[in-house]
Amino acid sequence: MALHLIPSAVTLKAIRPDDPRKRLSDGAGLYLLLFVKGGAHGWRFDYSHLGRRKTLSLGTYPDTPLGLARLKAAEARRSIAEGTDPSDVRKQQRRTLEKQRTVEKMLSAGLPLPESFEACGRRSQVDPPCRSQ
């Protein structure tokens, strides 16, 4: 089991607005950045991937409790160990979600899907040609 420097959630509940610390480290790259976003504390995870130092945001406290932040950091560590950048995974998930939302909006508006044959046929001569799949 990993050594954690923040003993429990009680420690986090005891933080006051006049606390002089900027952050509380939990070890192995996980820390709580104090008083970001107008008073909320932000969980951050520092890591290196392909020789570059990066920081991943894991949520805000108390919305993301200590245990969940540790689980998210462990998941990011597994991803790094497999050779994948957790930031790239998050960006890909965001792109997929945005594409799904676009499709849902188009379907609800009665429009053809962006890469459908009907959409390609409706494009004007000025628009770029449709991609072949």
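The values are calculated or read from the model by the stated rules, or taken from the named source; none is laboratory data. Given the structure is predicted, the values throughout are model-derived calculations rather than measurements. Here Cβ is always computed from backbone atoms with ideal geometry, including for glycine, and neighbour counts include all displayed protein chains. Please note that ligands, DNA and RNA were not included when accessible areas were found on the heavy atoms of the full protein model with its side chains. Shrake-Rupley method; radii C 1.70, N 1.55, O 1.52, S 1.80 Å.
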Quiz item: Per-residue ellipticity at 222 nm for the chain, helices alone: DSSP H runs ≥ 4 residues times -39500 (n - 2.57), over residue total, nearest 500 deg cm²/dmol?
Solution: -12000 deg cm²/dmol
Quiz item: Dipole magnitude of the chain about its Cα centre, charges +1 at Lys/Arg Cβ and -1 at Asp/Glu Cβ only, in debye to the nearest 20?
Solution: 260 debye
Quiz item: Label residue 48 and residue 19 with points 7 Å out from Cα along Cα→Cβ: what is the distance between them in nm?
Solution: 2.9 nm
Practice problem: Enter the angle in degrees (range 0 to 90, nearest 10) between the Cα long axis of helix 66-81 and the first principal axis of the Cα atoms of the chain, meaning the one along which they spread out most. | Solution: 60 degrees
Exercise. Enter the angle in degrees (range 0 to 90, nearest 10) between the Cα long axis of helix 86-108 and the first principal axis of the Cα atoms of the chain, meaning the one along which they spread out most.
Key: 40 degrees
Exercise. Return the long-range amide H neighbours of residue 41 (sequence gap of 5 or more, or a different chain), with a cut-off of under 5 Å between placed amide H atoms.
Key: 35, 36, 61
Practice problem: On the protein heavy atoms, probe 1.4 angstrom, tell me the percent of accessible surface of region 64-118 carried by carbon and sulfur. | Solution: 57 percent
Exercise. Could you order peptides 14-21, 61-68, 50-57 by the average number of other Cβ atoms within 10 Å of their residues, highest first?
Key: 61-68, 50-57, 14-21
Self-check item: Rounded accessible area per residue of the chain, 1.4 Å, Å²
Solution: 72 Å²
Quiz item: Given the pairs 13/72; 22/54; 54/99; 22/99, which span a C-alpha to C-alpha distance of over 28 angstrom in this model?
Solution: 22/99
Self-check item: Highest to lowest packing among 25-35, 86-96, scored as the average C-beta count within 10 Å
Solution: 25-35, 86-96
